[in-house]
Amino acid sequence: MREVVLGGLKARLTGGSDGKGGGDGPVVILLHGFGARGDDLVPLADVIDVPRGTRWLFPEAPLSLNMGFGDSRAWWIIDFARIQEDRAAGRIRDLSVEVPQGLALARDRVLAFLKELPRQLPIEYKKTVIGGFSQGAMLTCDAVLHTDYPFAGLVQLSGNLVAQTVWNSLMPKRKGLPVFQSHGIQDDILPHIGAERLRDELQRAGLVLEWHSFRGGHEIPEAVLRRLGSFITNRLR
């Protein structure tokens, strides 16, 4: 593994022909969630079965949080006090009507990353799968909808529908894009119903959904990783 800086974002690069992202194989880009370390998703490169020579890129969120357990990062700041209040009151937030403060800036950073990427690495976007977990999933969905890069697929692990009015207007131009989406029924961080809303809107716009609902919380279980490997393999052949 090696570290690179692309468009101002630090990223871990692994896999490929030499274990450090070498070669010109297909690419998987995954963004971590809120409060995670920048290398949080890196171990997935060793456990997801994908085509030989696949390179993995794990961008690190630019915001550093003081949460008391290592270098936790964020793409934008979340009001955790409000989440705790809603949870205590048994309320399920409808995030679809919200445009998170900081989302636009985070998107700009990801778009700068994607613009710089071909200048430093051999890459074909038609042989690239992009996605993320939780906040990283929502950010990649937003970024993909705001670009016309011909990605091979989009991965949404425990994400939710946000900025519905904006996203709905952009989704039709991504008609036919394969999407892998998973969510835990018992997720108490991002509600399952929010993932269902995202699924339904993407399908309505003509994107091709592979949906996996599982009994569990805010996580990526082994069964989902196996299915994700099949999805990525089918997209990158």
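Every number in this text was worked out from the coordinates using simple rules, so none of it is lab data. Here the structure is a predicted model, which means the values were calculated and not measured. Methodologically, a virtual Cβ is constructed for each residue, glycine included, from the backbone with ideal geometry; neighbour enumeration extends over all protein chains shown.
One line per residue, one yes/no per condition, for (1) free of Cβ contacts under 8 Å to residues at least 12 places away in the same chain; (2) more than 18 Å from residue 201 (Cβ to Cβ); (3) crowded, with 16+ Cβ neighbours inside 10 Å; (4) touching a Lys or Arg at 6+ places or on another chain (Cβ under 9 Å):
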residue	(1), (2), (3), (4)
66	yes, yes, no, no
72	no, yes, yes, yes
86	yes, yes, no, yes
99	no, no, no, no
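Taken over the stretch 10-25, the criterion of being within 17 Å of residue 132 (Cα to Cα) and in contact with a Lys or Arg (Cβ under 8 Å, 6 or more places away or on another chain) is satisfied by 12, 13, 14.
If we only count helices (runs of 4 or more DSSP H) wholly inside the stretch 153-237, which ones have 2 or more residues that are of a type in the set (A, V, I, L, M) and touching a strand residue (DSSP E or B) at 6+ places or on another chain (Cβ under 9 Å)? Walk me through it before giving the result.
Values: elements: 164-170, 192-204, 222-236.
Helices (runs of 4 or more DSSP H) meeting the threshold: 192-204, 222-236.
Checked against (1) closer than 21 Å to residue 2 by Cβ; (2) out of contact with any Pro (no Cβ under 9 Å at 6 or more places or on another chain), residue 31 passes all but a single condition, namely (2). Could you please find all residues in the stretch 101-110 being surrounded by 14 or more Cβ atoms within 10 Å (Cβ to Cβ) and not in a helix (DSSP H, G or I)? Of everything in the stretch 101-110, just one residue is surrounded by 14 or more Cβ atoms within 10 Å (Cβ to Cβ) and not in a helix (DSSP H, G or I), namely 102.
Can residue 182 be described as buried (at least 24 other Cβ atoms within 10 Å of the Cβ) and at positive phi? When the stated conditions are applied, residue 182 does not pass them.
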